[in-house]
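*Asks:* My structure is below; once you've seen it, I'll send some questions.
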Amino acid sequence: MARGEIRLIGLTKRFAEVTAVDHIDLEVDPGEFFSLLGPSGCGKTTTLRMIAGFEQPSEGRILLDGTDVAYTPAHKRNVNTVFQNYALFPHLDVFDNVAFGLRRAKRPKSEVRQRAVQALELVQLGGLERRKPSQLSGGQQQRVALARALVLNPSVLLLDEPLGALDAKLRKTLQIELKTLQREVGITFIYVTHDQEEALTMSDRLAVMNGGKIEQVGAPQDVYEDPETLFVADFLGVSNLMDATAQGARNGRCRVRADTFELAAGSGAIDLIGPAKIVIRPERVELESREAAAGPNRLPGMVERLVYVGSAVQVIVRVATGEVLQVLVPNSGKVLPYEQGTPVQLYLPVDALRVLAAPQEGEAEPVEPQAVTDASGHS
Amino acid sequence: MSSVAEAPVAPRPSAWRRFRGWLSNPWGRPRFLPLVTWGYVVWSIVPVLIAVQFSFNATRSRTTWQGFSTRWYWGDPVDSVWHDPTLRDALVQSLKLAVADVVIATPIGVLLAIGLARWHGRGSGSSNFLMLFPLVTPEIVMGVALLLVFTDLFTFVGTGTTAQILGHVTFSISFVVVIVRGRLFSIGRQYEEAAADLGASPTAALTRVLLPLLMPAIVASAAVVFAISLDDFVISQWLSKGGETDTVPVIIYSATRAAPLPSTNAIATIMMLLSLASVTIGFLVWRAFTRGERQAGQSVVRDMGTAPRVGDI
């Protein structure tokens with residue numbers, strides 16, 4: 001039973017001034033937890049709204065289990081949405097909110113009652129049936145929104161930044177709950193978020209979107225470890241970017257020249273020749289004292305700043321090429337023997353150093369990630 | 001501590017300075033604005049109170065107080081509101097127009113508001129602007145225009161009750177549209193989308209979700225329509241056929257010019273209480289309906305405000 005398979009083919013949405021979604025192709029497997037990740041304005045919400053039926057595509061097809069639903073009105077699609085602000089009907093109590101869809105589907109009274117109560121128990125809200133949405137906390141409202149959508153047993157559940165309005169701690173708890181719930185019910189989830197950590201921890205696969213296009217699709221680990229574009233490298237956690245010139249591959253690694261330094265990069269576009277960017281995650285850079293053994297792939301530098309972030313210390317180092325790199329040193333309880341102005345050297349392991357094509361003229365530079373989260377969690 | 005004790009003590013300010021401080025102290029309660037506010041309240045309410053007082057005068061005088069009586073309401077067998085056919089008919093006519101106005105203008109205005117708020121195409125901007133027209137057009141112009149329309153163009157209407165109702169509906173629809181549209185914008189589209197998402201047809205979304213959410217605005221606008229219809233003089237006068245189609249304001253106007261009796265004050269007081277009652281009821285209903293939203297702390301209200309998410313496309 002292939003229920004909950006979504007295929008987007010050349011899906012495009014143009015508004016008066018902008019193309020919000022630009023010919024995207026995407027396949028989401030049944031039962032998958034799939035995230036659309038990107039900064040605001042990247043087209044992820046518009047994509048979701050087209051799947052839900054709130055926006056009509058300018059072009060392209062939306063196949064739901066093989067049927068094109070692009071021109072089916074929202075109320076006739078077997079998909080349900082959890083809205084960012086929940087959109088619980090304020091004039092109805094919790095039970096009536098959850099029963100709303102069942103009643104529209106003209107289900108018999110006993111079935112409405114039974115399924116609504118069951119859905120509320122699924123989200124651990126049993127006993128709150130007669131509360132008004134305004135009498136619930138943010139987290140509880142979020143659960144009601146979830147129950148209201150799940151009770152209809154949709155093929156696909158669409159979630160539009162459902163945890164965005166909650167505080168950090170509650171968000172973490174609900175992330176885990178949501179993931180568990182999704183495994184339990186086995187419904188395809190399409191989850192829109194701008195929070196890279198959320199997308200990485202919850203998804204089976206995710207698509208990184210930018211400027212109405214999909215930059216990369218893959219499992220969280222693939223996308224994080226092997227970003228294909230500069231944007232992805234930058235958006236998924238903090239990345240150190242350096243200008244360099246690629247000089248082609250030798251022995252399966254790319255020789256790059258950054259300023260006057262020769263480096264070897266073991267991943268990315270290793271066949272590249274010409275202007276390039278080299279990328280390395282802060283948690284993969286190794287901080288050494290100047291006296292340590294000299295060797296390949298090392299850059300001398302000077303500590304500029306130490307930033308204590310709790311689980312780790314961020315060391316900001318200005319290297320000899322003039323660029324500033326971030327090094328993330330896990331907090332092991334020891335005091336780092338560095339301070340502002342200490343001369344150090346950075347070891348950039350070959351397998352952690354990645355070459356990517358430098359963006360062409362006119363192409364958008366990657367934007368800064370909105371939330372600089374504790375990147376050590378992914379290392 | 002010693003250093004604190006040794007700090008120099010500021011000299012006691014002069015009486016004038018202290019008065020200035022009392023009047024405008026940035027840390028204290030505002031004094032000046034309440035003074036202005038209360039001044040205005042007294043200024044505007046005193047004439048009304050005097051008029052009301054003389055409706056209870058025991059004699060025919062409207063200027064000299066000669067004891068309390070209710071003769072101008074129902075006591076006097078000839079000239080009281082209850083017994084004078086002119087006054088009674090006027091009261092009945094005013095109520096008739098007001099009720100008809102509410103019954104006709106409110107539903108049309110609600111539909112117009114929904115239509116205008118949801119219509120984003122060529123001409124939507126000018127239509128929205130046109131809705132404000134009756135609010136800013138001098139009523140006398142509208143009255144004359146309507147009279148010409150009903151006596152020259154649509155002669156089957158003529159003057160009288162039908163014309164008056166049509167006239168009242170014409171200018172009161174704007175009030176309904178403005179009030180309901182404001183509420184529509186603060187509700188946003190998300191509840192309709194949620195309803196559609198849950199399988200509600202457009203009709204079901206309207207009746208099950210949108211109209212209940214609009215209810216406070218609908219009741220409030222009905223109350224406003226009732227009050228302004230009772231209040232209206234110009235259009236009621238222009239479109240009146242005379243006789244029993246004269247409304248209370250028209251009667252008061254002509255009575256005041258002829259030989260005013262305290263019964264005029266009495267009927268004015270009744271009108272005022274009716275307007276006040278309708279607006280109070282409207283306000284109370286609004287409050288009762290939206291209580292949940294305010295209780296939700298900021299969350300629901302804020303969510304409503306930010307509902308159309310233009311930013312994230």
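Just so it is clear, none of the values below were taken in a lab; they were calculated from the coordinates. Keep in mind that what you see is a predicted model, and the values were worked out from it rather than measured. A quick note on method: Cβ atoms are made from the backbone with ideal geometry, for glycine too, and the neighbour counts reach across all protein chains shown.
*Asks:* Pick from A:GLY310, A:GLY41, A:GLY126: which residue has the top mean-square fluctuation in a GNM of chain A where Cα pairs under 10 Å get a spring?
*Replies:* Maximum fluctuation in the GNM of chain A, among the listed residues, is at A:GLY310.
*Asks:* Quote the FRET efficiency, to the nearest 0.05, computed for B:TYR40 versus B:ARG122 with a Förster distance R0 of 60 Å and r equal to the Cβ-Cβ distance.
*Replies:* Efficiency computed from Cβ-Cβ geometry: 0.85.
*Asks:* To continue, here is another question. How many nm separate the modelled label positions at B:THR155 and B:LYS96, each set 7 Å beyond the Cα in the direction of the Cβ?
*Replies:* Simple spin-label model gives 2.5 nm for this pair.
*Asks:* Something else now. With the cut-off at 1.5 for a/c, could you classify chain B from its C-alpha gyration tensor as rounded, prolate or oblate?
*Replies:* oblate
*Asks:* Sorted by average packing, counted as other Cβ atoms within 10 angstrom per residue and highest first, what order do A:296-305, A:85-94, A:225-234, A:51-60 take?
*Replies:* A:85-94, A:225-234, A:51-60, A:296-305
*Asks:* Let me ask you something else. Using a cut-off of under 13 Å, list every residue of the range A:270-290 whose amide N is near the label point 7 Å from the Cα of A:VAL309 along the Cα-to-beta-carbon line.
*Replies:* Flagged as within label range: A:281-285.
*Asks:* Right, here's the next one. Relative contact order (percent) for the range B:132-239, with alpha-carbon contacts under 8 angstrom and 6 or more residues of separation?
*Replies:* Relative contact order comes out at 43 percent.
*Asks:* State whether the range B:94-139 is rounded, prolate or oblate according to the following rule on the C-alpha gyration tensor (a ≥ b ≥ c being the square roots of its eigenvalues): a/c under 1.5 gives rounded; otherwise a/b larger than b/c gives prolate, and the remaining case gives oblate.
*Replies:* In terms of gyration-tensor shape, oblate.
*Asks:* So what is the 222 nm mean residue ellipticity for chain A from helices alone, if each DSSP H run of at least 4 adds -39500 (n - 2.57) and you divide by all residues, rounding to the nearest 500 deg cm²/dmol?
*Replies:* Mean residue ellipticity, 222 nm, calculated: -6500 deg cm²/dmol.
*Asks:* Only Lys, Arg, Asp and Glu count, each charged at its Cβ (+1, +1, -1, -1), so figure out the dipole size of chain B about its Cα centre, rounded to 20 debye.
*Replies:* Its charge dipole is roughly 1220 debye.
*Asks:* Follow-up. Go through A:LYS13/A:LYS213; A:LYS76/A:LYS106; A:LYS44/A:LYS277 and tell me which ones have a Cα-Cα distance over 22 Å in this structure.
*Replies:* With Cα atoms farther than 22 Å apart: A:LYS44/A:LYS277.
*Asks:* To the nearest whole number, what is the average tally of beta carbon atoms from other chains within 10 Å of the beta carbons of peptide B:186-196?
*Replies:* 6
*Asks:* Evaluate the Debye formula for the range B:54-156 with equal point scatterers sitting on the alpha carbons, no solvent, and hand back log10 of I(q)/I(0) at q = 0.20 Å⁻¹, in q order, two decimals.
*Replies:* -1.10
*Asks:* Counting pairs of alpha carbon atoms under 8 Å apart in space and at least six apart in sequence, what relative contact order in percent does the range B:74-289 give?
*Replies:* 32 percent
*Asks:* What does the convex hull of the Cα atoms of the protein assembly as shown come to per residue, in Å³, rounded to a whole number?
*Replies:* Spread over its residues, the Cα hull of the protein assembly as shown gives 297 Å³ apiece.
*Asks:* Further question on the same structure: Would you mind giving the mean number of other chain beta-carbons within 10 Å of the Cβ of each residue in A:91-99, as a whole number?
*Replies:* 2
*Asks:* Can you tell me how the range B:25-101 classifies by the Cα gyration tensor, rounded, prolate or oblate, using a/c under 1.5 as the rounded cut?
*Replies:* In terms of gyration-tensor shape, oblate.
*Asks:* Subtract the Cα-Cα distance of A:SER40 and A:THR245 from 0.36 nm times their separation in residues, and report this length gain in nm to one decimal.
*Replies:* 70.6 nm is the gain from fully extending A:SER40 to A:THR245.
*Asks:* Something else now. Taking the Cα centre of the protein assembly as shown as origin and charging only Cβ (+1 Lys, Arg; -1 Asp, Glu), how large is the dipole, in debye to the nearest 20?
*Replies:* Its charge dipole is roughly 2560 debye.
*Asks:* First measure r as the distance between the Cβ atoms of B:SER201 and A:ASP222, then evaluate 1/(1 + (r/R0)^6) with R0 = 45 Å and state the FRET efficiency to the nearest 0.05.
*Replies:* According to the calculation, E is roughly 0.55.
*Asks:* What's the local net charge at A:GLU225, with K and R +1, D and E -1, over the other residues with C-beta under 13 Å away?
*Replies:* -2
*Asks:* Taking the Cα of A:ARG290, stepping 7 Å toward and past its beta carbon, and measuring to each backbone N in the range A:314-350: which are under 19 Å?
*Replies:* Correct set: A:316-325, A:337-348.
*Asks:* Now for a separate question. So which lysines can A:LYS179 reach, going by Cα to Cα under 17 Å and dropping same-chain residues fewer than 8 places off?
*Replies:* Within the straight-line limit of under 17 Å, A:LYS179 reaches these lysines: A:LYS169.
*Asks:* What does chain A give for Rg and for Dmax, in Å, if only its C-alpha atoms count?
*Replies:* Just the Cα atoms of chain A yield Rg and Dmax of 24.2, 79 Å.
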